[in-house]
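Let me begin by presenting the structure, written as structure tokens, before commenting on it.
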Amino acid sequence: MSSPSSLPPFPSSVPTAPLLRLSLSKLQAHDATETHNLLQACKDIGFFYLDLRDADEGTNLLNNADKLFPIGERLFDLPLDEKKKYDLASQNSYYGYKAQGAMIADRQGNLDGNEFYNVSKDDILNLTPPLPSPQILHESRPLLSSFIQTSHNIVTLLLSILSTSLSLPSSSTLPNLHRLTSPSGDQIRFIKAPPTTTTTQNPTLGEHTDFGSVTILFNRLGGLQVLPPGADAEWTYVRPLPGHAIINLGDAMVKFTNGLFRSNIHRVVAPPGQQAGFTRYSLVYFARPEDEVPLRRLESDRIPALGEGVVEEEISSRDWVIRRALGRRVDLGRPVDYEKAAGTEGVSRRLGV
């Protein structure tokens with residue numbers, strides 16, 4: 001099992017994205033400067049660091065993440081035939097295993113370079129009948145449950161602050177679209193990307209936006225890149241910071257705010273420098289709106305109005321997730337339409353912002 005201390009450091013010579021660093025404890029205290037910075041980060045790039053070390057909720061989440069990383073390694077060490085028993089597409093589900101090379105990674109048709117396993121929040125919290133899963137995940141259900149609940153508490157805090165900042169009817173407006181005990185596409189994702197000699201022109205995970213509301217990411221090696229706003233922007237690495245999670249917004253928040261908040265384009269490429277020779281593991285919590293929530297603009301004077309004649313697509317969170325999740329699978333026996341499976345990144349690209 002690899003540990004953070006055994007990994008080479010992120011190279012100091014590599015330019016990195018200047019993401020804001022926010023404090024969980026200050027956000028919990030509703031510090032005025034910190035809540036302003038949260039709003040600004042959501043509007044500017046939709047990515048920020050969250051320092052978890054200064055709050056009990058955060059240290060609990062860090063401890064859970066540290067315990068889940070080795071479980072992820074053991075999960076991916078299972079024989080391929082065993083993992084494929086839980087393939088998400090063959091089960092017509094978004095939960096389970098995806099093998100390396102099963103998805104289109106870019107417009108050139110290159111295949112992705114990672115494998116992942118999605119674990120359903122509804123399954124772990126016993127909101128639905130249990131899904132088939134490897135024994136290691138079955139044994140880890142209490143830990144997975146703790147990670148989900150702690151992650152969701154932090155998401156709820158962020159959504160509550162943003163509800164107030166947007167002058168929505170109450171601080172509970174956005175949290176009430178993301179209730180922990182209601183069916184939703186929330187999930188934990190374990191990710192493994194083996195060492196690669198390919199250049200950044202062949203990404204491990206192609207450029208995309210997330211299709212939920214809030215993503216909480218833990219990784220120990222570089223590889224994540226963002227494309228900042230601006231027509232002349234270039235891909236820039238996001239440096240992992242010990243004790244911090246990387247937080248980003250997804251497409252649902254763009255739809256709720258009619259583009260006021262940003263779901264920024266990002267991708268995963270080979271880690272820089274000596275880190276490129278190591279297997280990259282990541283742990284993610286995706287928070288998404290409840291299944292039946294329609295993805296459309298919320299009413300507030302602080303949210304831009306729809307343009308004249310604009311008619312919003314009528315689609316539920318559940319249908320949006322399924323369309324985005326399976327739209328680029330190349331092993332389902334149907335044509336892959338890269339653009340149709342895209343989210344709000346297409347809008348961002350056309351606008352050059």
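In segment 3-34, what residues are in contact with a Phe, Trp or Tyr (Cβ under 6 Å, 6 or more places away or on another chain), under 21 Å from residue 63 (Cβ atoms) and open to solvent by 40 Å² or more (accessible area, probe 1.4 Å)?
21
Residues being open to solvent by less than 20 Å² (accessible area, probe 1.4 Å), in contact with a helix residue (DSSP H, G or I) (Cβ under 9 Å, 6 or more places away or on another chain) and farther than 26 Å from residue 290 by Cα: count how many of those fall in segment 205-225.
Adding up the residues that qualify gives 3.
Go through segment 263-283 and report how many residues are open to solvent by less than 30 Å² (accessible area, probe 1.4 Å) and either under 13 Å from residue 213 (Cα atoms) or among the aromatic types (Phe, Trp, Tyr) (or both). Please lay out each step first, then the result.
Step one: of segment 263-283, the residues open to solvent by less than 30 Å² (accessible area, probe 1.4 Å) are 263-272, 275-276, 280, 282-283.
If we keep only those that are either under 13 Å from residue 213 (Cα atoms) or among the aromatic types (Phe, Trp, Tyr) (or both) as well, we get 263-264.
Counting residues in segment 263-283 that are open to solvent by less than 30 Å² (accessible area, probe 1.4 Å) and either under 13 Å from residue 213 (Cα atoms) or among the aromatic types (Phe, Trp, Tyr) (or both) gives 2.
Can you find even one residue in segment 183-193 that is touching a helix residue (DSSP H, G or I) at 6+ places or on another chain (Cβ under 9 Å) and surrounded by fewer than 18 Cβ atoms within 10 Å (Cβ to Cβ)?
So in segment 183-193, the residues touching a helix residue (DSSP H, G or I) at 6+ places or on another chain (Cβ under 9 Å) come out as 183-188, 190-192.
Now drop any that are not surrounded by fewer than 18 Cβ atoms within 10 Å (Cβ to Cβ), which leaves 183.
Looking through segment 183-193, at least one residue is touching a helix residue (DSSP H, G or I) at 6+ places or on another chain (Cβ under 9 Å) and surrounded by fewer than 18 Cβ atoms within 10 Å (Cβ to Cβ).
Of all helices (runs of 4 or more DSSP H) completely enclosed by segment 58-147, which ones contain at least 1 residues that are among the hydrophobic types (A, V, I, L, M, F, W, C) and within 24 Å of residue 218 (Cα to Cα)? Break it down stepwise before answering.
Details: elements: 80-84, 121-124, 135-139.
Fully inside segment 58-147 and qualifying: 121-124, 135-139.
Looking at residue 54 and the list (1) exposed (fewer than 15 other Cβ atoms within 10 Å of the Cβ); (2) at pLDDT 95 or above; (3) closer than 17 Å to residue 241 by Cα, which single condition is not satisfied?
The one condition residue 54 does not meet is (2).
Quickly run through segment 162-171 and pick out the residues that are surrounded by fewer than 20 Cβ atoms within 10 Å (Cβ to Cβ) and either hydroxyl-bearing (Ser, Thr, Tyr) or touching a helix residue (DSSP H, G or I) at 6+ places or on another chain (Cβ under 6 Å) (or both).
Scanning segment 162-171 gives 164, 165, 167, 170, 171.
Restricting attention to segment 150-173, does a residue exist that is outside any helix (DSSP H, G or I) and in contact with a strand residue (DSSP E or B) (Cβ under 8 Å, 6 or more places away or on another chain)?
Here is the first cut: in segment 150-173, the residues outside any helix (DSSP H, G or I) are 166-173.
Restricting the remaining residues to those that are in contact with a strand residue (DSSP E or B) (Cβ under 8 Å, 6 or more places away or on another chain) gives none.
Within segment 150-173 (the criterion being outside any helix (DSSP H, G or I) and in contact with a strand residue (DSSP E or B) (Cβ under 8 Å, 6 or more places away or on another chain)), the answer is no, since none of the residues qualifies.
Residues to consider are 174, 180; find the one that is within 17 Å of residue 158 (Cα to Cα) and open to solvent by 20 Å² or more (accessible area, probe 1.4 Å).
Numbers: 174 fails: open to solvent by 20 Å² or more (accessible area, probe 1.4 Å).
Only one candidate passes the filter, namely 180.
Restricting the search to segment 32-54, which residues are assigned to a helix (DSSP H, G or I) and of a type outside the set (Val, Ile, Thr)? Break it down stepwise before answering.
We begin by selecting, within segment 32-54, every residue assigned to a helix (DSSP H, G or I); these are 32-44.
Of everything in segment 32-54, those that are assigned to a helix (DSSP H, G or I) and of a type outside the set (Val, Ile, Thr) turn out to be 32, 34, 36, 37, 38, 39, 40, 41, 42, 43, 44.
Any residue that is surrounded by 19 or more Cβ atoms within 10 Å (Cβ to Cβ), β-branched (Val, Ile, Thr) and either more than 16 Å from the chain's Cα centre (by Cα) or over 30 Å from residue 123 (Cα atoms) (or both) - is there at least one of those in segment 226-237?
Of all residues in segment 226-237, those surrounded by 19 or more Cβ atoms within 10 Å (Cβ to Cβ) come to 226-227, 237.
If we keep only those that are β-branched (Val, Ile, Thr) as well, we get 226.
Next, only the ones that are either more than 16 Å from the chain's Cα centre (by Cα) or over 30 Å from residue 123 (Cα atoms) (or both) stay: 226.
Yes, some residue in segment 226-237 is surrounded by 19 or more Cβ atoms within 10 Å (Cβ to Cβ), β-branched (Val, Ile, Thr) and either more than 16 Å from the chain's Cα centre (by Cα) or over 30 Å from residue 123 (Cα atoms) (or both).
Tell me the strands (runs of 3 or more DSSP E) entirely within segment 214-288 that contain at least 3 residues that are touching a strand residue (DSSP E or B) at 6+ places or on another chain (Cβ under 8 Å) and closer than 30 Å to residue 312 by Cα.
Details: elements: 214-219, 224-226, 244-249, 266-268, 280-287.
Once the strands (runs of 3 or more DSSP E) in segment 214-288 are filtered for at least 3 residues that are touching a strand residue (DSSP E or B) at 6+ places or on another chain (Cβ under 8 Å) and closer than 30 Å to residue 312 by Cα, what remains is 214-219, 244-249, 280-287.
Which of the residues that make up segment 35-51 are surrounded by fewer than 18 Cβ atoms within 10 Å (Cβ to Cβ) and of a type in the set (D, E, K, R)?
Once the filter is applied, which keeps residues that are surrounded by fewer than 18 Cβ atoms within 10 Å (Cβ to Cβ) and of a type in the set (D, E, K, R), segment 35-51 yields 43, 44.
Within segment 112-146, track down each residue that is farther than 26 Å from residue 289 by Cβ, open to solvent by less than 40 Å² (accessible area, probe 1.4 Å) and of a type outside the set (Val, Ile, Thr).
Listed by number, the residues that qualify are 113, 115, 134, 140.
The values are calculated or read from the model by the stated rules, or taken from the named source; none is laboratory data. Model, not experiment: these values are computed from the prediction. Heads up, the Cβs are rebuilt from the backbone with ideal geometry, glycines too, and the neighbour counts pull from every protein chain shown. In case anyone asks, the SASA skips ligands and DNA or RNA and just uses the protein heavy atoms, side chains included. Shrake-Rupley method; radii C 1.70, N 1.55, O 1.52, S 1.80 Å.
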